[in-house]
């Protein structure tokens, strides 16, 4: 998700309860870059008033599933789960895995645990989306992960505890800061620390930056052993936000990609782009410049990674051109398309500061998810990620969030009370099919 200077609110709020690094916009850290405005609890069709939902997940061989029934209390904090054995015999295989991030809906350990509990049964891909910064000093010395700062080690250990159970793993790192305009912050004892000298004077193509970022990526690969690995998040925004740094970034990206592919030839390595900015007429960004950015990076990307929030465009939460999915495939030039993150509001969100209203509904959210999964079927996307598990109203209130933090708040498959939405049913129907 697109971030800016408000990430510190997340860090401060989550640090109060000792959760810094449990989950986040990065899925890796609770200094996430997500938010959304006002909303009211909604009980949707197909969901009981207690928030009872049924989910199905495939095993590693795609031959059986486990059905989980979760019941949220009136506070949305307690869940009971029962598993029953079933079979996927006769179901059409799907070419894609389904993922979400562990972004928490509140600043409590209970919220973190609830989200990880849903990830255990609602996805078959874990998405760890890290924008906490880069351990520039330690990586510059080519330190192993054991030599990184306390925050890095804590966050990575939290993630590693969740691996297994037949889930694929997607890890996304980035050398860009949250504003997508300059070098990422320093990550060591804490997330988002100021860049120390001389790192605060370097551009992306400095030899020291190139060596450190490659070392950081290598350590992440060795630590997580991911199935998919992004080395840049929403990189096309740099072309718009700081065009004078673009060539230096491309130098860093191409060098990192080339070196990693030589060392890990079977690992898909790629970058993600904001999808709405690649589609002509969807946003105010210079389309020709965005196409130039894509042309510069795509040769050094095994996938065309898309970050897709169609409501963050001229279409808001209204119907958007159905050609979007085919357009992404055309832009990929024969390379696979992956949805590295996505979301659509299920409630109306009014942003007075921006004079905008997203008129989301559960039905519109379900239609978006259905369209995305249909495209993933037709075009054989390797994976699809919906960013949020659950609406984060509680977290938004805890940090005294404003309109900016409110943009993504109601895009979860579970509402703020823990009740599943129709989009979750559509998602779980796809998950019930064997992957292969």
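Taken together, the values in this text are just the output of simple stated rules run on the coordinates, not laboratory data. Every value quoted in this text rests on a predicted model; they were computed, and no experiment measured them. A quick note on method: Cβ atoms are made from the backbone with ideal geometry, for glycine too, and the neighbour counts reach across all protein chains shown.
Which order results if 296, 247 are arranged by neighbouring Cβ count within 10 Å, fewest first?
Values: 296 18, 247 12.
Fewest to most other Cβ atoms nearby, the residues stand as 247, 296.
Ratio of Rg to Rh for region 286-351, alpha carbon only, Kirkwood?
My calculation puts Rg/Rh at 1.01.
Over region 332-391, the fraction of Cα-Cα pairs per 10 Å bin, rounded to whole percents and listed from the shortest bin up, is 20, 42, 27, 11, 0. Taking the inverse of the mean reciprocal distance over all distinct Cα pairs, the Kirkwood hydrodynamic radius of region 237-281 comes to 12.3 Å.
Is the C-alpha gyration tensor of region 257-326 telling us rounded, prolate or oblate? Criteria: a/c under 1.5 is rounded; beyond that, a/b larger than b/c is prolate, otherwise oblate.
Numbers: a/c = 3.39, a/b = 2.12, b/c = 1.60.
Prolate, because a/c is 1.5 or more and a/b exceeds b/c.
Using only Cα atoms, locate the centre of region 386-407 and the centre of region 307-379, then give the distance between them in Å, rounded to an integer. Value for the Cα centre distance between the two parts: 19 Å.
The calculated P(r) of region 134-216, using every Cα pair and 10 Å bins from 0, goes 17, 48, 27, 7, 1 in percent. Peptide packing for 324-331, 309-316 was compared via the average number of neighbouring C-beta atoms within 10 Å per residue; ordered from the highest value, the list is 309-316, 324-331. Counted residue by residue at 0.36 nm each, then reduced by the alpha carbon distance between them, the extension gain from residue 379 to residue 200 reaches 60.2 nm.
Label sites at residue 113 and residue 142, each approximated as a point 7 angstrom past Cα along Cα to Cβ, lie 4.3 nm apart. All alpha carbon pair distances within region 91-140 were sorted into 5 Å bins beginning at 0; the resulting P(r) in whole percents reads 4, 17, 17, 18, 13, 12, 11, 5, 1, 1, 0.
Averaging the sequence gap over all C-alpha pairs within less than 8 Å and six or more residues apart, then dividing by the number of residues, gives region 274-324 a relative contact order of 41 percent.
Largest first and in whole Å, the equivalent-ellipsoid semi-axes of region 112-262 read 26, 17, 15, each the square root of five times a Cα gyration tensor eigenvalue.
Look at 320, 213 and count the other Cβ atoms within 10 Å of each Cβ; fewest to most, that gives 320, 213. Mind giving me the FRET efficiency for residue 161 and residue 359? R0 is 51 Å, r the Cβ-Cβ distance, nearest 0.05 is fine. Between residue 161 and residue 359 the formula returns 0.80.
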